[in-house]
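Right, one structure below, let's go through it.
The values are calculated or read from the model by the stated rules, or taken from the named source; none is laboratory data. Given the structure is predicted, the values throughout are model-derived calculations rather than measurements. So basically every Cβ, Gly included, is an ideal-geometry build from the backbone, and we count neighbours across all protein chains shown. Accessible surface areas use protein heavy atoms only, side chains included; no ligands, DNA or RNA. Shrake-Rupley method; radii C 1.70, N 1.55, O 1.52, S 1.80 Å.
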Amino acid sequence: MNFINKLSAAWTTNNSLLCVGLDPDLARFPAQLAKEPEAIFLFCKEIIDATADLACSFKPQIAYFAALGAEGQLERICAYARQHYPHIPLILDAKRGDIGATARQYAREAFDRYGADAVTLNPYMGFDSVEPYMEWTDRGAIVLCRTSNPGGSDLQFLMADGKPLYQHVARMVAEKWNTNGQCALVVGATFPDELAQVRAIVGEMPLLVPGVGAQGGDVEATVRSGRTASGAGMMINSSRAILYATAQGSEDFAAAARRVATETRDAINLYR
């Protein structure tokens with residue numbers, strides 16, 4: 001099963017557009033867990049187990065692992081997710097952007113080493129920086145388009161032929177790059193008007209939508225702007241709000257994560 005088919009099945013099976021981001025920060029771990037040698041693996045494992053029936057995808061952010069030399073724990077958590085929840089797509093958030101042989105090595109890292117179903121990519125260097133990932137025809141290439149950070153406007157809103165650059169990226173990916181039907185786009189929840197513009201350009205193409213939760217994106221505006229006619233089409237990511245939910249009473253971190261993930265999934269579904 002390829003990435004797009006797996007994602008479509010997860011939307012239906014779990015009745016969810018929620019993507020759970022895995023951004024492990026030792027400084028925010030429970031004190032008793034942070035002392036464990038395999039703390040990152042154990043933390044992410046508990047989050048995955050607590051939310052697997054609520055999510056349409058999991059998205060580990062590679063920087064949170066690599067900064068601590070914990071790539072081995074990332075390999076283990078990816079293997080754990082593939083073994084126990086093979087029906088949930090695994091997205092490596094790496095935002096790679098290089099060309100030729102180097103891009104091919106990054107693709108091997110994402111798809112062979114970590115076994116990801118998809119990887120996020122930076123299109124600044126053009127199609128030859130994305131093409132090597134498409135050699136894995138069953139995997140997904142998720143291209144940055146309109147990002148959720150304020151500084152994204154520095155380049156993404158530059159006008160070219162009367163249209164902002166992010167719209168050119170959306171059209172280029174949809175009409176020229178997506179020859180194998182394996183592409184998706186990153187479009188932030190913090191810009192619902194632009195999200196609607198991208199949806200109009202790309203049709204049914206999946207969108208990875210960061211920015212709800214800790215970044216403050218409005219759930220209703222996000223869903224109404226980005227959903228497809230069938231009420232799907234999005235992976236709406238929440239990371240910190242779920243991972244580091246405030247525990248209630250004796251609630252542990254995994255139970256708190258499940259509570260917030262449930263609330264987020266249900267809030268999204270109100271507007272599908």
Helix axis angle, 39-51 relative to the chain longest principal axis, alpha carbon, degrees: 80 degrees
Cα extents of the range 118-272 along the principal axes, largest first, in whole Å, come to 55, 34, 31
With the chain reduced to its Cα atoms and the Debye formula applied, log10 I(q)/I(0) at q = 0.14 1/Å amounts to -0.94
Cα gyration tensor of the range 194-234 - equivalent ellipsoid semi-axes, whole Å, descending: 18, 10, 9
Measure nothing fancy, just the Cα-based angle from helix 253-269's long axis to the longest principal axis of the chain, in degrees from 0 to 90, nearest 10. 40 degrees
Counting Lys +1, Arg +1, Asp -1, Glu -1, what net charge surrounds residue 164 among other residues with beta carbon under 9 Å of its beta carbon? +1
State the percentage of accessible surface on the range 38-164 attributable to carbon and sulfur atoms; use a 1.4 Å probe and exclude ligands, DNA and RNA. 52 percent
Assuming R0 = 25 Å, can you tell me the calculated FRET efficiency for the pair residue 99 and residue 153, based on Cβ-Cβ distance, to the nearest 0.05? 0.45
Taking a 1.4 Å probe, which of 90, 26 shows the most accessible area, and what order do the others take after it? 26, 90
Could you order peptides 157-167, 235-245 by the average number of other Cβ atoms within 10 Å of their residues, highest first? 235-245, 157-167
Just order 107-115, 122-130 by mean Cβ neighbour count inside 10 Å, highest at the front, would you? 107-115, 122-130
Compute the normalised compactness of the range 109-176: alpha-carbon radius of gyration over 2.2 N^0.38 Å, N being the residue count. 1.23
What distance in nm separates the simple spin-label points at residue 38 and residue 75, each placed 7 Å from Cα in the Cβ direction? 1.4 nm
